[in-house]
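> Please find one structure pasted underneath; my questions will follow.
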Amino acid sequence: MVQECIEGLNIKPDGIYVDGTFGGGGHSGKILEHLTTGRLIGIDKDDTALAVGRERYGNCNNLTLVKNDFKNIADILDELGIDQIDGVLLDLGVSSFQLDTDYRGFSYRFDAKLDMRMDTTSSFSAYDVVNSYSESELSNVIFRYGEEPFAKKIAREIVEARKVKPIETTGELVKIIEKVVFKKKGSNPCTKTFQAIRIEVNSELDRLDTAINTMIDRLRQGGRIAIITFHSLEDRIVKNVFKLRSTDCICDKSLPVCICGHKKEINILTRKPIVASAEEQKINTRSTCAKLRIAEKL
């Protein structure tokens, strides 16, 4: 949904923008096309993504690449001497580049080492989750982050399998999951469990609400924030933050008068999230789950 994001950000040629999930640089490239004297801060914690970005946009004076987690947005902007920004884009979850790189271990489509680290310098990987978490911890992760109804059975099978030997590859994990979850047309039995483990490894949902609030705080009047989500857990967080920041009174409805003094700070520009067009969904099947929400600072 690149075009929808660009239109939603309403880019000013001299504005300051943040792409908090630089990834392959696709969104950033389109933002840069609209900048003249403006500046784009591209943030990613994946060294490979940043290396590709430097090669692709190495001669672009409008782009500053930063290795960090977008959740540290306040520190990042402070270090760059930037007080306010005109827009921010987040394309949450794993990037297509990461999914399609077999040795990164994100996908059940390839047999690779259990990894799933967005930041490859981190010492904590999917291997650690699968081989060191207790049965109850595994079950909680798979159910909470994957919304997998067979979480308990999958956790039990994982624990039984690792009694024989450590589970070292995605292929081994796939075989364990397929013992429990039957294949259905149009879906893969491993999707939810792999998503859950990836989210746990990268702490994807931790502090997400705080980060979005901070980004809204740093927006100038008229600045916009656009966020793409790919599953209900992410989308619920974004929706709730937008709802809170776009509401005047947040007092208990039973109170006769407002005592909170809360004032709305954003207008939600997408009362219903934007979804990918039928044409895009045909070209990119991953976009079928995507939802785009956009808000503007008052």
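The values are calculated or read from the model by the stated rules, or taken from the named source; none is laboratory data. Owing to the predicted nature of the structure, the values given are computational and were not obtained by experimental measurement. Positions of Cβ are generated from backbone atoms using ideal geometry, with glycine treated the same way; all protein chains shown enter the neighbour counts.
> So which strands (runs of 3 or more DSSP E) stay within the stretch 23-106 end to end and still have 3 or more residues that are within 24 Å of A290 (Cβ to Cβ)?
Details: elements: 39-44, 63-67, 85-91.
The strands (runs of 3 or more DSSP E) meeting that bar are 39-44, 85-91.
> Continuing with this model, one more query. What are the residues in the stretch 134-156 that are buried (at least 19 other Cβ atoms within 10 Å of the Cβ) and either over 23 Å from S187 (Cα atoms) or within 17 Å of the chain's Cα centre (by Cα) (or both), if any?
Y145, G146
> Another one. Filter the stretch 174-220 down to residues that are over 20 Å from the mean Cα position of the chain (by Cα) and in a helix (DSSP H, G or I), then give me how many there are.
Total meeting the criteria: 7.
> Here are some conditions: (1) over 14 Å from the mean Cα position of the chain (by Cα); (2) touching a residue at least 24 places away in the same chain (Cβ under 8 Å). K71 meets all but one. Which one does it not meet?
Among (1) over 14 Å from the mean Cα position of the chain (by Cα); (2) touching a residue at least 24 places away in the same chain (Cβ under 8 Å), the lone unmet condition for K71 is (1).
> Also, I was wondering about something else. Name the one entry in T229, T170, T193, T210 that is surrounded by 18 or more Cβ atoms within 10 Å (Cβ to Cβ), closer than 22 Å to D44 by Cβ and among the hydroxyl-bearing types (S, T, Y). Lay out the reasoning, then the answer.
Values: T170 fails: closer than 22 Å to D44 by Cβ; T193 fails: closer than 22 Å to D44 by Cβ; T210 fails: surrounded by 18 or more Cβ atoms within 10 Å (Cβ to Cβ).
From the options T229, T170, T193, T210, the qualifying one is T229.
> Limited to the stretch 77-135, what total is found for residues that are of a type in the set (K, R), in contact with a strand residue (DSSP E or B) (Cβ under 8 Å, 6 or more places away or on another chain) and modelled with pLDDT under 95?
If we filter the stretch 77-135 for residues that are of a type in the set (K, R), which is where we start, we get 104, 109, 113, 117.
Cutting the leftovers down to in contact with a strand residue (DSSP E or B) (Cβ under 8 Å, 6 or more places away or on another chain) gives us 113.
Then keep just the ones that are modelled with pLDDT under 95; that gives none.
Of the residues in that region, 0 qualify.
> Quick one: which of G171, G223 is part of a strand (DSSP E or B) and either modelled with pLDDT under 95 or more than 15 Å from the chain's Cα centre (by Cα) (or both)?
Answer to the selection: G223.
> Every residue in the stretch 74-120 that is aromatic (F, W, Y) and either over 17 Å from the mean Cα position of the chain (by Cα) or surrounded by fewer than 17 Cβ atoms within 10 Å (Cβ to Cβ) (or both), please. Working first, answer last.
Residues of the stretch 74-120 aromatic (F, W, Y): 97, 103, 106, 108, 110.
Scanning the stretch 74-120 gives Y103, Y108, F110.
> Given the criteria more than 30 Å from F110 (Cα to Cα), more than 13 Å from the chain's Cα centre (by Cα) and surrounded by fewer than 20 Cβ atoms within 10 Å (Cβ to Cβ), does G261 qualify?
On the way: more than 30 Å from F110 (Cα to Cα): yes; more than 13 Å from the chain's Cα centre (by Cα): yes; surrounded by fewer than 20 Cβ atoms within 10 Å (Cβ to Cβ): yes.
Criteria met by G261.
> Give the residue that is surrounded by the fewest Cβ atoms within 10 Å (Cβ to Cβ), with candidates limited to residues of the stretch 232-258 that are polar (S, T, N, Q) and out of contact with any strand residue (DSSP E or B) (no Cβ under 9 Å at 6 or more places or on another chain).
Taking the candidates together, the pick is S254.
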